[in-house]
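Below: the structure, in structure tokens.
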Amino acid sequence: MIPMKTYVPKIDVAVFLTVTMAVNLFAAASRITVTPEQPVKFVPLRNIRLLESPFSEAVEINRQYLLAHDPDRLLAPFRREAALEPKAQPYGNWESMGLDGHSAGHYLSAISLMTAIGADPDGEFHRRLDYMIDELAIVQKTNGNGYLGGIPGSRDYWSRVGEGQVELMRRKWAPWYNLHKMFAGLRDTYLHGGNEKARDLLVRYGDWCEKVTSGLTDAQMQRMLDTEYGGMNETLADIYAITGNKKYIELAKRFNHRAIFDPLENHQDRLTGLHANTQIPKITEMERIAALVHNEKLHTGAGFFWETVTQNRSVAFGGNSVSEHFNDPRDFGRMIEHREGPETCNTYNMLRLTKGLFKAEPKAVYADFYERALYNHILASIHPKKPGYVYFTPIRPDHYRVYSQPEQAFWCCVGTGMENPGRYGEFIYARARDGLYVNLFIPSELSVPNIGMVLRQETTFPDEASTQLKLQIKKPVTFTLNIRHPIWVNTDDLTVKVNGRSIDIESTPSSYAAIRREWKNGDTIDVELPMHTRVERLPDGSDWVAILYGPIVLVKPGNTDNMDGLFTDDGRMAHVAQGPMIPLDKVPALLATEEEVISHVVPDRSAGSLHFRIMNVIEPAEPEGLPLVPFFRLHERRYQMYWELKSL
Ligand SMILES: [Zn+2]
């Protein structure tokens, strides 16, 4: 782990800020009964507004994607399973192939988040939330037992599972995974969408879950957990946090998968060969439960998982796994060759885990990973002009990605893809006991209504290597502003000016520069974040390298030939880029050592900011060199992210 400069708060803690922020910044906490004591809390989404940037543009595209869907079609499987006449045809693709209903839960989460961040200008998402919750209430009442699922043959299926036939898990497509999406959707509708009725539906659904599992032994539960179950334990833990009723946390613990947790608690990585996204949500929940019940072993296990996945199993853009499974960390050869590179859902869940761990220990190493994965994977996975999301991001040189189409594709990564833009702002700022963390350099406005403070961050980062924070504040307040010194800014390179005057800071790469003072209205903080190009090998140490500028992964744009299925139809495997793969001996390599590569990467300002050329080391030779552009801006095109180093 990268060490962080420890910060010891001074004695003159700003009690005023601490107390008032705790009460008012977290007014939503009134919806939560049990809040863990942790050093850091995140700011409610409704207190953050994204200003103009690629992120705000993606939010608007996401709005179009979400509006293109018909709630009645999303809800059709739920009415069918309650023996009610569906009001519309169910959607096709995964929505009619056994995973029926999973998208409605994601959709509720997504539109709740969009309302929270102010991306609901005409109130349409609010209306849809109210409508869908009313409809789901009818379904739940008709079911009579609290159930709210769309799995085909639900009633008979769950009664048999409840009788102990847990082997039936493998006869359907990830049943608990599917149900987890509606649990999470109801939770988010209550917490972010402000819909009180969703809380009742959620609690009744939790009671159904308790009833259906009450007759199962612990051994039967563990056997059941061999099948992908999403983050069931997290949502049950959340019902505990919301209600304060301990029976839900006990139920959540029954969903802790010991076969996965036990080795992690002993710092053993036994992940090779496992389906990656089956595991990651479990660990997000491992940390959630650890926080709620103060279980150090669970916390340690979750931290170890994060460390081994991010340090040993992740590639330059923050993703992990090949064809959905964890590869041997000593051999990334299959990932280089495969058309199915890292899956977007994995990184969605890794970011949630990162956030959970940051709350327990606000270390910059978490923010460094978050930034890398947010720009290079999450932001890169949504088409900026034609609404659509990416499932696999291959690192196979000169391959490409395909995009979902509204009402056609209902993959897992469409579900999480719909949620991602609503979450872009959630990690930018965090609240400590005596101040604020600035984790990310994304144009945004943070409001702290109780003290009449607005912190506005203006930047075109990463196009410029700096950011500016401006404070509007009713009366002076003392607190510590912790500004992240990213891992990619060299020691002594980070400079901070307050109102135009340089101030002394002590920080090292991957730490926070702590500035404690009495802040006044109009204070302006300018931060310089000099960026550099660098190369990174694959974690297996093989001769494949990626090129980065600051946190931004650079790729060589390829051609647009034969990108079959670029905008996908409703085919079962349409999420895979099936077009021809370029033979690996036909893609350019670099005739250089790792150390030599960087001196051959030169800025190409005539092409625009963040444009580079790699010169004089390409094999076969390219007299003009080859262009490099930020991956997050490259769409509808083949690309080369990794280069093989060859010796002269
Ligand atoms: Zn997925």
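Summed over the range 494-510, residues that are open to solvent by 50 Å² or more (accessible area, probe 1.4 Å) and part of a strand (DSSP E or B) total 4. Can you tell me which residue in the range 326-336 is farthest from the ligand (Cβ to nearest atom), limited to those that are part of a helix (DSSP H, G or I) and open to solvent by less than 20 Å² (accessible area, probe 1.4 Å)? Filtering first and then ranking leaves ILE336.
Mind checking whether some residue in the range 294-305 is within 16 Å of the ligand (Cβ to nearest atom), touching a helix residue (DSSP H, G or I) at 6+ places or on another chain (Cβ under 8 Å) and open to solvent by 10 Å² or more (accessible area, probe 1.4 Å)? The answer is no, given that none of the residues of the range 294-305 is within 16 Å of the ligand (Cβ to nearest atom), touching a helix residue (DSSP H, G or I) at 6+ places or on another chain (Cβ under 8 Å) and open to solvent by 10 Å² or more (accessible area, probe 1.4 Å). Of the residues making up the range 451-475, just one is touching an Asp or Glu at 6+ places or on another chain (Cβ under 6 Å) and open to solvent by 70 Å² or more (accessible area, probe 1.4 Å), namely ARG456.
So which residues in the range 214-273 are aliphatic (A, V, I, L, M), over 18 Å from THR300 (Cα atoms) and part of a helix (DSSP H, G or I), if there are any at all? Give the steps one after another, and end with the answer.
First, pick out the residues of the range 214-273 that are aliphatic (A, V, I, L, M): 216, 219, 221, 224-225, 232, 236-237, 239, 241-242, 249, 251-252, 259-260, 264, 271.
Imposing the further condition that a residue be over 18 Å from THR300 (Cα atoms) reduces the set to 216, 219, 221, 224-225, 232, 236-237, 239, 241-242, 249, 251-252.
ALA219, MET221, MET224, MET232, LEU236, ALA237, ILE239, ALA241, ILE242, ILE249, LEU251, ALA252 - these are the residues of the range 214-273 that are aliphatic (A, V, I, L, M), over 18 Å from THR300 (Cα atoms) and part of a helix (DSSP H, G or I).
Residue check: TYR370 meets all listed conditions (1) closer than 18 Å to ILE487 by Cα; (2) open to solvent by 20 Å² or more (accessible area, probe 1.4 Å) but one, namely (2). Within the range 363-372, the presence of at least one residue that is touching a residue at least 24 places away in the same chain (Cβ under 8 Å), more than 13 Å from the ligand (Cβ to nearest atom), in a loop (DSSP other than H, G, I, E, B) and at negative phi is confirmed.
Of all residues in the range 373-387, those satisfying the criterion of being within 14 Å of the ligand (Cβ to nearest atom) and either surrounded by fewer than 24 Cβ atoms within 10 Å (Cβ to Cβ) or among the aliphatic types (A, V, I, L, M) (or both) are ILE378, ILE382. Here are PHE479, PHE441, PHE461, PHE427: which of them is assigned to a loop (DSSP other than H, G, I, E, B) and more than 18 Å from the chain's Cα centre (by Cα)? Within the list PHE479, PHE441, PHE461, PHE427, the selection yields PHE461. Of the residues making up the range 473-497, those that are farther than 18 Å from TYR429 by Cβ, out of contact with any helix residue (DSSP H, G or I) (no Cβ under 6 Å at 6 or more places or on another chain) and of a type in the set (A, V, I, L, M) number 2.
Applying the set (1) modelled with pLDDT of 95 or more; (2) assigned to a helix (DSSP H, G or I); (3) more than 19 Å from ILE133 (Cα to Cα) to ARG170 leaves exactly one unmet item: (1).
So which of VAL597, VAL587, VAL602 ends up being out of contact with any helix residue (DSSP H, G or I) (no Cβ under 6 Å at 6 or more places or on another chain), among the hydrophobic types (A, V, I, L, M, F, W, C) and surrounded by fewer than 17 Cβ atoms within 10 Å (Cβ to Cβ)? I'd like the intermediate steps shown before the answer.
On the way: VAL597 fails: surrounded by fewer than 17 Cβ atoms within 10 Å (Cβ to Cβ); VAL587 fails: surrounded by fewer than 17 Cβ atoms within 10 Å (Cβ to Cβ).
The unique qualifying residue is VAL602.
Among the residues of the range 173-213, the ones that are part of a loop (DSSP other than H, G, I, E, B) and of a type in the set (Gly, Ala, Ser) come to 3 in all.
Give me the residue from the range 342-362 that is hydroxyl-bearing (Ser, Thr, Tyr) and open to solvent by less than 10 Å² (accessible area, probe 1.4 Å) and, out of that set, nearest to the ligand (Cβ to nearest atom). So that I can check it myself, show each step before the final result.
Keep residues of the range 342-362 that are hydroxyl-bearing (Ser, Thr, Tyr), which gives 344, 347-348, 354.
Within this subset, residues satisfying the condition of being open to solvent by less than 10 Å² (accessible area, probe 1.4 Å) are 344, 347, 354.
Working: THR344: 6, THR347: 10, THR354: 18 Å.
The extreme case among them is THR344.
Look at the range 154-183: where a residue is farther than 24 Å from VAL139 by Cα and a partner is open to solvent by less than 10 Å² (accessible area, probe 1.4 Å), sitting 6+ places away or on another chain with Cβ atoms under 6 Å, you get VAL166/MET224; LEU168/VAL161. Can you tell me which residue within the range 388-398, out of those that are more than 16 Å from the ligand (Cβ to nearest atom) and over 18 Å from GLY318 (Cβ atoms), is most open to solvent (accessible area, probe 1.4 Å)? Here the residue is ASP398. Residues that are more than 16 Å from the ligand (Cβ to nearest atom), open to solvent by 10 Å² or more (accessible area, probe 1.4 Å) and at pLDDT 95 or above within the range 409-442 comprise GLU426, TYR437, listed in sequence order.
Evaluating SER323 against the criteria (1) under 22 Å from PHE255 (Cβ atoms); (2) open to solvent by 20 Å² or more (accessible area, probe 1.4 Å); (3) of a type in the set (S, T, N, Q); (4) within 16 Å of the ligand (Cβ to nearest atom) leaves one unmet condition, (1).
Here GLU210 clears all of (1) crowded, with 24+ Cβ neighbours inside 10 Å; (2) of a type in the set (Asp, Glu); (3) without any contact (Cβ under 8 Å) to a residue 60 or more places away in the chain except the condition numbered (1). Inside the range 98-118, residues that are open to solvent by 10 Å² or more (accessible area, probe 1.4 Å), under 20 Å from the mean Cα position of the chain (by Cα) and of a type outside the set (A, V, I, L, M) make up a count of 2.
Yes/no matrix, rows are residues, columns are (1) at pLDDT below 95; (2) under 26 Å from the mean Cα position of the chain (by Cα):
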{"site": "ILE2", "(1), (2)": "yes, yes"}
{"site": "ILE11", "(1), (2)": "yes, no"}
{"site": "THR33", "(1), (2)": "yes, yes"}
{"site": "LYS41", "(1), (2)": "yes, yes"}
{"site": "PRO54", "(1), (2)": "no, yes"}
{"site": "ARG73", "(1), (2)": "no, no"}
{"site": "LEU84", "(1), (2)": "no, no"}
{"site": "SER96", "(1), (2)": "no, no"}
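Does the range 618-636 include one or more residues that are assigned to a helix (DSSP H, G or I) and not hydrophobic (A, V, I, L, M, F, W, C)? Yes.
Working carefully through the options ARG401, ARG339, find the one that is within 16 Å of the ligand (Cβ to nearest atom), crowded, with 24+ Cβ neighbours inside 10 Å and basic (Lys, Arg). Break it down stepwise before answering.
On the way: ARG339 fails: crowded, with 24+ Cβ neighbours inside 10 Å.
Answer to the selection: ARG401.
So which residues in the range 546-571 are surrounded by fewer than 20 Cβ atoms within 10 Å (Cβ to Cβ) and hydrophobic (A, V, I, L, M, F, W, C), if there are any at all?
Of all residues in the range 546-571, those surrounded by fewer than 20 Cβ atoms within 10 Å (Cβ to Cβ) come to 557-562, 564-567, 569-571.
Residues satisfying the conditions are LEU566, PHE567.
The values are calculated or read from the model by the stated rules, or taken from the named source; none is laboratory data. Predicted model only: the values in this text are computed from it and were never measured. Cβ coordinates were reconstructed from backbone atoms using ideal geometry, including for glycine residues, and neighbour counts include every protein chain displayed. With ligands, DNA and RNA removed, areas are computed over all heavy atoms of the protein, side chains included. Shrake-Rupley method; radii C 1.70, N 1.55, O 1.52, S 1.80 Å.
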